[in-house]
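> To start, I am sharing the structure in question, which I have written as C-alpha cells.
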2 protein chains.
Amino acid sequence: MTAADRVYQIIRKRILDGQYPAGSYVREAAIGQELELSRTPIREALRRLVSDGWVEAIPHHGAQVVSWTQRDVEEVFELRVLLEPQVARRAATRIERSQLDKLESLAMRMEALCREGRENALEEIAVLNDDYHARLMAAAGSPRLQRLLETIVQVPVSRRSFHHYTRDELAGSMHHHRELLRALGAGDGDWAASVMRSHLLAARAAQLRFAACVEEAGAGVASMSRRG
Amino acid sequence: MTAADRVYQIIRKRILDGQYPAGSYVREAAIGQELELSRTPIREALRRLVSDGWVEAIPHHGAQVVSWTQRDVEEVFELRVLLEPQVARRAATRIERSQLDKLESLAMRMEALCREGRENALEEIAVLNDDYHARLMAAAGSPRLQRLLETIVQVPVSRRSFHHYTRDELAGSMHHHRELLRALGAGDGDWAASVMRSHLLAARAAQLRFAACVEEAGAGVASMSRRG
DNA sequence: TCGAGTCGAATTGCATACAATTATAATGCG
DNA sequence: CGCATTATAATTGTATGCAATTCGACTCGA
C-alpha cells in the first residue's frame, strides 16, 4: 500500500467523522506537514476523493469538503432503492451456505445489541450493519454494482439514518435482516429484492421524518434569532 | 482547463478508438514525451481513468487498459436497465418544452440518416444518439444518476450495440425515440420508463446475438487452426 | 463614503530529480 | 539441463522547487 492510499483513507475517515466539516478546505501543505509527507501523495489522495465525490476541487483554490443538502440525501436514497434490491436479487441465486451462515451470525449479534439497548450500541450495530451489507454485496458477484454502491452509500455519520430510528423502527430493521436471510435461503430473488426495498424505504421514511424535524427546529431558531 | 484534464480526455479518446488496445500498458513517460509534458499531469489523468474504470493500476508496474469480457458487457446492460428507465421517469415530470423540441429534432435527424442509409450513417447516428441520451439525462436533473451512468455507459466503439443492429432493429430503435417523446410530452413517468426499458432490452438482445455469432466464429477459427 | 483597480499573499499546477519496487534476463549451482 | 538466485533495467512512487492563478485587502479616485 502506497502513501497516497493511506492518506486517502485518513482524509476520508476525517470527513466521515466530521473532523473536516462540510465547506472547509483540505490544504495539501497542511496535511503534508502533519503526516510528514510531501504534497505529491496528498494530491493523489485528494484527486481520488474528488472522483469519489467527497470533496470538490476548485481550480487553483483548493479542495472543499462537499456539503450535503436534503436534496442530496434524497437523491442517494432514490439510487439505493434502485440498486440495492438488485444486489439482494443477485445474491439470492448465488450465495453459498457459508456466506449465509455468516450473515445470520451478524443478524443475531445485531439483535442482541438491540435487545441489550446499551449506551453506544447504535454505533456497534452500525458497524455490523455495514459488514452485513458488504457481505451481501460480495455474494451478489457484480463488481460494477459494488463499485457504484460503494461510491454512493458512504455518508458522514451525522447523516446515518440509523441514528434517527425509533425503537420500533430499529426492531423492524432487524426483522428485515431476518426475512432477507429466509429469502436468500429459499433462493427467491424477487422476495429478497422486495425485502431490501422495504428495508430502504423504511430508512428513507425515518430520514425524512428526521429532516422535517430539523427543518422545523431550524425555522424555530431562525425566527427566534430574528426576534432577538 | 488544466493540462491534466486535457491528457485525461486524450487518453480516454484513444482507448475508445482502440488506439490503446485492451491489455496494453499506458506509460507515463511515453505519453509525457509525446505531449511534451512532465509525468505529473499524465499521472493525474491516469488516476482519474483508473477511478472511472478505464484502466487498471498495477502497483509499480503500470496502467493497463481494461479488457472487456462478455460478462462485463452483460453487467453494464443490467445496470443500464436499472438506471436509465429512472432517467426517463424523472425527465417525464421535469422536462421543459424547449428541451423536448431539441430531442424531437435529434430524433428526426436520426430517422433521416436511417432512411438515407448512407455508408457511414451509423457513426453519425451514434453521435446523435449519444446527444439524445445526454440531453435526456440533463432533463432528469439528478447529478448523481448522471455521474453513475456516465462512468458506466461509455464503451469502446467496437463494442457499441448500434453497429450490430439489423435494419429492423435500427428502425425499432428510432421508434423508441419517438414513443419516448410522446411519453415525456404526456408527463407520464411510467410510460417513459417502460419505453426506455424496452429500448435497452432490445439493444441487449442485439448485443447478445452478436456475441453468440462472434463466439461461434471464434470456435470455427480455432478448430480450423487446430486442423491446419 | 463607495467603487474600481492594483498589489501581495496564499494555494494549486507543473517540471524535474531521486528513491523504491518490480519484472526480466543472465548466471551459477545442483 | 532445469531451477533458483542475483543483478540490472524499466517503471512507478515521492520529494522539492518554481510558475501560474486566484482571492482578498489596500489604496486611490470620484
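The values are calculated or read from the model by the stated rules, or taken from the named source; none is laboratory data. Fair warning: this is a prediction, and the values are worked out from it, not measured in the lab. FYI the Cβ positions are ideal-geometry reconstructions off the backbone, even for glycines, and counts take in every protein chain you see. The area values use the complete protein model at the heavy-atom level, side chains included, leaving out ligands, DNA and RNA. Shrake-Rupley method; radii C 1.70, N 1.55, O 1.52, S 1.80 Å.
> Sort out which residues of the stretch B:50-68 are more than 17 Å from B:Arg147 (Cα to Cα) and within 12 Å of chain A (Cβ to nearest Cβ), and write them in order of number.
The answer is B:Glu56, B:Ala57, B:Pro59, B:His60, B:Val66, B:Trp68.
> Report whether or not B:Leu79 is within 14 Å of another protein chain (Cβ to nearest Cβ), within 20 Å of the chain's Cα centre (by Cα) and outside any loop (DSSP other than H, G, I, E, B).
Answer is yes for this residue.
> Now for a separate question. For residues that are in contact (Cβ under 8 Å) with a residue 60 or more places away in the chain and of a type outside the set (Lys, Arg), scanning just the stretch A:172-185, find the one that is surrounded by the fewest Cβ atoms within 10 Å (Cβ to Cβ).
Only one residue fits best here, namely A:Gly185.
> Working only within the stretch B:14-24, note down all residues that are crowded, with 17+ Cβ neighbours inside 10 Å and within 13 Å of DNA strand D (Cβ to nearest atom).
If the condition is that a residue be crowded, with 17+ Cβ neighbours inside 10 Å and within 13 Å of DNA strand D (Cβ to nearest atom), then B:Tyr20 is the only one that fits.
> All but one of (1) open to solvent by less than 10 Å² (accessible area, probe 1.4 Å); (2) hydrophobic (A, V, I, L, M, F, W, C); (3) within 13 Å of another protein chain (Cβ to nearest Cβ) hold for B:Ile11, so report the exception by its number.
With respect to (1) open to solvent by less than 10 Å² (accessible area, probe 1.4 Å); (2) hydrophobic (A, V, I, L, M, F, W, C); (3) within 13 Å of another protein chain (Cβ to nearest Cβ), B:Ile11 is out only on (3).
> Take the conditions within 11 Å of another protein chain (Cβ to nearest Cβ), surrounded by 13 or more Cβ atoms within 10 Å (Cβ to Cβ) and farther than 16 Å from A:Gln154 by Cα and apply them to A:Arg27. Does it pass?
no
> A further question follows. Take the conditions modelled with pLDDT of 90 or more and either in contact with a helix residue (DSSP H, G or I) (Cβ under 9 Å, 6 or more places away or on another chain) or in the same structural domain as A:Ile31 (by TED's automatic domain parsing) (or both) and apply them to A:Pro59. Does it pass?
no
> Give A:Ala45, A:Ala112, A:Ala88, A:Ala57 a once-over and let me know the one that is assigned to a helix (DSSP H, G or I) and within 16 Å of DNA strand D (Cβ to nearest atom).
A:Ala45
> Looking at the stretch B:151-166, which of its residues are in a helix (DSSP H, G or I) and at pLDDT 85 or above?
B:Ile152
> Now for a separate question. Would you point out which residue out of A:Arg39, A:Arg90, A:Arg71, A:Arg47 is at the interface with chain B (Cβ under 10 Å from one of its Cβ atoms) and under 23 Å from B:Thr40 (Cβ atoms)?
One residue alone meets the criteria, A:Arg47.
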